[in-house]
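Each remark here refers to the structure printed beneath this line.
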Amino acid sequence: MFGLGKKDTTVFVVVIILALCAPFILNPFPTGSSLAQFNAGYPDLMQRFVIFGIFAIGFNLLFGLTGYLSFGHAAFLGMGSYAAVWMFKLLSMNVIPAIVLSMIVAGLFAVMIGYVSLRRSGIYFSILTLAFAQMSYNLAYSVLTPITNGETGLQITLDDPRILGASATADGGIPVTNLFGLEMRHFTTVDVAGWSFNFSVGYYLCAVIMILAFYVAIRIFRSPFGMMLRAIKSNQQRLYYTGLNARPYTLAVFVISGMYAGLAGGLMASMDPLAGPERMQWTASGEVVLMTILGGAGTLIGPVLGAGFIKYFENIFSKINDGVLHGWFAFLPDGLENFVIAILHPFVGKGWHLTLGLMFMLVVIFLPGGLVEGGQRISKALKRNKPEDSGAARKANHEPAE
Amino acid sequence: MDAIILQILNGLDKGSAYALIALGLTLIFGTLGVVNFAHGALFMIGAFCAVTLNRILTLSHQVVDESRKDFLGNPLKVDVPYVNDWFGEAAGATIIDWSVPLAILFSIPVMIAIGVIMERGLIKHFYRRPHADQILVTFGLAIVLQEIIKYFYGANPIPTPAPDVFRGSFDFGVLLGFDPNVIIYPYWRLVYFGFAALIVGAVFAFLQFTTFGMVVRAGMADRETVGLLGINIDRRFTIMFGLAAAVAGLAGVMYAPINSPNYHMGMDFLVLSFVVVVVGGMGSLPGAVLAGFVLGVLESFASMNEIKSILPGIDQIIIYLVAIIILLTRPRGLMGRKGVMED
């Protein structure tokens, strides 16, 4: 299907189903139940899942295929956001031109930064990209304030000179981003016997774009171009000896990957027309590295899983407070209950980054292939025990065609 | 002229911090070949050693003071630190006042222990893995250390004052024949610079003039041969890791009065220190120190108003700009040896 192999088609279909049915999948608990706080099916969070999914897919194209570890990828995301917000301010509130421009801007910057950074490899490449990203961040914070609005962040105001469309709505409000009249923030809630599902326009736009981005990524993985990139990863020296110049290939994939980041930034601005310099900070670049590694670098579905995983836990884990813990462990005798809670306390709520850091370290140490490799190992172990186990078959779907 | 001298002085204290962190990073890289992203966290832990010692020393108990009354006429309860009980009031106050310099003694064993545990427990397993994996695992470790500190000390900066003697500024200009109050420089920054110079000198002397240092240098040059000669080089490298951690920690301890310690100060310094290491030349100890001071001074020059008015924003990016230019024109950095991580 669509020129994909059998295995790839399965992965692709799984991603399509996951993306399109996310409002159901992420809301497994009835609204009134005590587990309702683990529901992640509200538009804002779902949008972030897919947007960071796109970001991580793009990062994985660079890191997973060529092994070049960029520590400054968030710069492209930030540039994309700024470009998109400027498009809203100057042209129209339609998201299409904004997203297109954000990709173009990010792509152009990627050409420049990539051209310089890719002259070196290994740790030097990481430092160079980091230096460029920090430069963009510092400049956005200080001198470029007329363009970026500094610390406050770039926002849409009531007196924007919009060429297509009015500066303000009829009742004096700030106009909303839309897709040919379909408002991004619009959503309908469907109540079905205790469950309520949110269907948001913005989410579905992001999801469709994510599916497209994923499809393009599969095609790149399987193309001769992708093979070339893998060759660069496994032995660049040998590639040179055979008379091939690796630089154009790495530059091409760096630009593609930067455009993915720009796309993610543009979408982020489309969902909430706001762009601030903190999106470009190196911790933001670190986050996408975490996502990709956690999910499984160099695999197709890994980055998407990693992005979803981190964003889910960031939002849900950080909501668990002592009250919730007390609710869970109420069945234990009092002394034991307090003891267990005292142990768990540093890891939840505000301390969730500690859990993330530990988890990340464990993954790097024991599972260099990330969650995907974990899934493969489990499925292999299950297959060995009972070959007809349906759980194993289901897990096998997640297996990347790597 | 006075402005130039002032900027050089201003650059020295930041440059000292860069130089010390970069020195530790280079020690680790040169001996073990590991890129340690957790080094900034070690610097931060050093600063919190100062905070911790200050807290330990000010641990107090309440005593009813009959001579002072509150507004209702009841005797006032005052907190008396335990050190006052043990050493007398005057000596106790001095000890608390000098908590930051005392923290140097406290932090050395702590940092060496942390360094050795880190190397034996984690880094050891990453020698044979690619550099990317080392970066990633130490990056994760940095997050964990940072969050642990945040859990115990909170997210706000904790002011940690220097001893009273060093408060105030030193009028440097008078010494050189300028008008008074033109070049003034805080005493503590002078102390910091002197301290950094001392540490750098000590590390170099240790490597240059002791047998241990000689073996370590031999190991840096050719690990395998030294191992074949029957020397347990791994154990010495572990100790060097502890030493590098201690250098970062000491830089942090003394930096606490300049910049109130907070849990993410390490990350802020780490990025710059890496740039410093790369500019100085990966694996070159003198290069790291030189580049640290040069970049610190350059940064403070770039923040002069005269320069900012010509090139707005240059103060924000000068270090990165220099790094990019150096990396592209002189791949092995200022003083890097040929063949070390040159690709």
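All of the numbers you see were taken from the coordinates with simple rules; none came from a lab. Please read these numbers as outputs of a predicted model, since none were measured by experiment. Counting neighbours? That spans all protein chains shown, and the Cβs are built from the backbone with ideal geometry, glycine included.
Figures for the structure shown
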read-out: Shielding by partners - mean other protein chain Cβ count within 10 Å, residues of B:143-155; value: 4
read-out: Per-peptide average of other Cβ atoms within 10 Å, ordering B:260-268, B:39-47, B:134-142 highest first; value: B:39-47, B:134-142, B:260-268
read-out: Nitroxide proxy distance, nm - points 7 Å out along Cα→Cβ at A:PHE199 and A:ILE104; value: 3.5
read-out: Average Cα contact separation per residue, chain B, under 8 Å, 6 or more apart, as relative contact order %; value: 34
read-out: Cα gyration tensor shape of the range B:1-133, rounded if a/c is under 1.5, else prolate or oblate by comparing a/b with b/c; value: oblate
read-out: Segment B:ASP222-B:ARG330, extension gain: residue separation times 0.36 nm, minus the distance between their alpha carbons; value: 36.4 nm
read-out: B:HIS125/A:ARG377 FRET efficiency (R0 22 Å; Cβ-Cβ; nearest 0.05); value: 0.70
read-out: Label-to-label distance, nm, for residues given as B:SER309 and B:PHE212 (7 Å Cα→Cβ offset); value: 5.5
read-out: Cα gyration tensor shape for chain B, rounded if a/c is under 1.5, else prolate or oblate; value: oblate
read-out: On Cα atoms only, tilt of B:131-153 relative to the major axis of chain B in degrees; value: 0
read-out: For the protein assembly as shown, the Rg and Dmax computed from alpha carbons only, in angstrom; value: 28.4, 94
read-out: Helix-derived mean residue ellipticity, 222 nm - over chain B, DSSP H n ≥ 4, -39500 (n - 2.57), to 500; value: -22500 deg cm²/dmol
read-out: Peptide A:347-355 - average C-beta neighbours from other chains (10 Å radius); value: 3
read-out: Rg over Rh, two decimals, the range A:104-179 (C-alpha only, Kirkwood Rh); value: 1.17
read-out: Cα-only radius of gyration and Dmax that characterise the range A:185-272, units Å; value: 19.9, 66
read-out: Label point at A:THR283 placed 7 Å out along Cα→Cβ; residues across the range B:135-170 whose backbone nitrogen lies under 19 Å; value: B:136-159
read-out: For the range A:341-388 and the range A:1-23, distance of Cα centres in Å; value: 25
read-out: Kyte-Doolittle mean at least 1.6 and Cα axial length at least 27 Å: DSSP H helices in chain A; value: A:95-117, A:201-222
read-out: Rounded, prolate or oblate (a/c below 1.5 giving rounded, otherwise prolate when a/b exceeds b/c) for the range B:250-343 by Cα gyration tensor; value: oblate
read-out: Point-to-point label distance, A:VAL324-B:ASN232, nm (Cα→Cβ direction, 7 Å offset); value: 4.9
read-out: Zero-based 10 Å bins, Cα pair distances in the range A:6-319, whole percents; value: 6, 26, 32, 23, 9, 2, 0
read-out: Peptide ranges A:343-349, A:65-71, B:230-236 listed from the most packed, as the mean C-beta count within 10 angstrom indicates; value: A:65-71, A:343-349, B:230-236
read-out: Spatial separation of Cα centroids for the range A:225-268 and the range B:54-113, in angstrom; value: 61
read-out: Neighbouring partner chain Cβ atoms per residue of A:361-367, average, 10 Å criterion; value: 5
read-out: Stretch gain in nm, segment B:LEU175-B:LEU72, where the contour uses 0.36 nm per residue and the Cα spacing is subtracted; value: 31.6 nm
read-out: Label zone at A:ARG222, where the point sits 7 Å out along the Cα-to-Cβ direction: the range A:298-326 residues whose backbone N lies under 13 Å; value: A:300
read-out: Two-site FRET efficiency, A:PHE29 against A:PHE331, from Cβ-Cβ distance with R₀ of 30 Å, rounded to 0.05; value: 0.90
read-out: Estimated 222 nm signal from helices in chain A, with DSSP H stretches of n ≥ 4 weighted -39500 (n - 2.57), rounded to 500; value: -20500 deg cm²/dmol
